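Notes for the one structure printed next.
The values are calculated or read from the model by the stated rules, or taken from the named source; none is laboratory data. Everything quoted here is computed from the prediction, not taken from an experiment. Positions of Cβ are backbone-derived with ideal geometry, glycine not excepted, and every protein chain shown enters the neighbour counts. We work out accessible area using only protein heavy atoms, side chains counted, and drop any ligands, DNA or RNA first. Shrake-Rupley method; radii C 1.70, N 1.55, O 1.52, S 1.80 Å.
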Amino acid sequence: MNKKDIEERIDRSRKAILGLFGIFGTTELLKVLITKDINFLSISSMAIYLLVSVSFISLLFICRRKSLEVNFVEYSIISFVYIIYTLCNFIFSSVSMHISKAFDIHFYLFIFLILSLLLGYLLGRIFTHNQDLTSIGKEVIVRENEVELRHFNPWARLSLDKAPWLRKPLKHLGYALGALIMLIGGSAAGLSLLIAEGLKRSGVIGVEIDTYAFLFFSIGMPIGIAAGVYLAPLFSYFNHWRKLILGLKNKYGNYTVIINHEKKPYSEIKQELSES
């Protein structure tokens, strides 16, 4: 990947992140407007998301492109974390907006969603390989103060080696979820609402629970766990990458990162760098 390709990726990702915030940021603002009991707890999730998003996007466009190029790996990881956070916040805030006071039923539902995210993260940490980046299939090659990145896929560090008995059940679960999505399609939300309303009328869930809040809670629990699992290797990769870069900087005073996803010969890369 040459300098022009990296610049194009950065420009496209900036626009994509801005578009993502445009959609979900507007949604969060609308949620604030339709929230019945506006208090600190009910709008905290939405307010924090808007504050984080505005700060992140402002820095994204204030930073020079050259700075983002130098820190392309860190930028990519932070962008992935922001996207996962955006999707989780949409679901979590759909529950928190119904909180009328501390320790009501919706407050507990929201806490359970946060705990599902933490549970997923802990599971992800257990199943994430925690070894040095240079020891994984020559994805990262270090030559003195040069770092050649041949493959960027933090989720490849996830493995079921510690629990091989889970492979078969998860495989069947994947097939079952795929079949369910194909059969239900776009009516999944409507069906979930009918189930939630039926449980409410039958007395299984209390009448004080908002149907939509219960719907997003039901959807959010597995999504929260999955999001936590996906976040764990991202943070692990970020931590190991920063250790590698800081180690080179302390040893040589500077470092160079070469993005080589096409796995070109090293001599060809050096020639391209010298020409540029």
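For segment 142-152, the set of residues classified as of a type outside the set (F, W, Y) and open to solvent by less than 50 Å² (accessible area, probe 1.4 Å) consists of N145, E146, V147, E148, L149, listed by residue number. Filtering segment 229-260 to residues that are in contact with a strand residue (DSSP E or B) (Cβ under 8 Å, 6 or more places away or on another chain) and either open to solvent by 10 Å² or more (accessible area, probe 1.4 Å) or part of a strand (DSSP E or B) (or both) leaves V229, L244, L248, Y255, T256, V257, I258, I259.
Please tell me if F21 is surrounded by 16 or more Cβ atoms within 10 Å (Cβ to Cβ) and assigned to a helix (DSSP H, G or I). Yes, satisfied. Pick from segment 98-114 the residues that are closer than 21 Å to L87 by Cβ and in contact (Cβ under 8 Å) with a residue 40 or more places away in the chain: which of them is most open to solvent (accessible area, probe 1.4 Å)? Applying the filter and picking the extreme gives F112.
Can you tell me how many residues within segment 118-140 are open to solvent by 40 Å² or more (accessible area, probe 1.4 Å) and either not β-branched (V, I, T) or not in a helix (DSSP H, G or I) (or both)?
Total meeting the criteria: 14.
Is at least one residue of segment 73-95 open to solvent by 40 Å² or more (accessible area, probe 1.4 Å) and not in a helix (DSSP H, G or I)?
No: segment 73-95 contains no residue that is open to solvent by 40 Å² or more (accessible area, probe 1.4 Å) and not in a helix (DSSP H, G or I).
Restricting attention to segment 23-46, the residues being under 15 Å from Y85 (Cα atoms) and either of a type outside the set (A, V, I, L, M, F, W, C) or touching a helix residue (DSSP H, G or I) at 6+ places or on another chain (Cβ under 8 Å) (or both) number 7.
Within segment 76-91, residues that are closer than 15 Å to L117 by Cα and in contact (Cβ under 8 Å) with a residue 60 or more places away in the chain have Cβ atoms under 7 Å from residues that are hydroxyl-bearing (S, T, Y) and open to solvent by 20 Å² or more (accessible area, probe 1.4 Å) in these pairs: I84/Y230; F90/T27, counting only partners at least 6 apart in sequence or on another chain.
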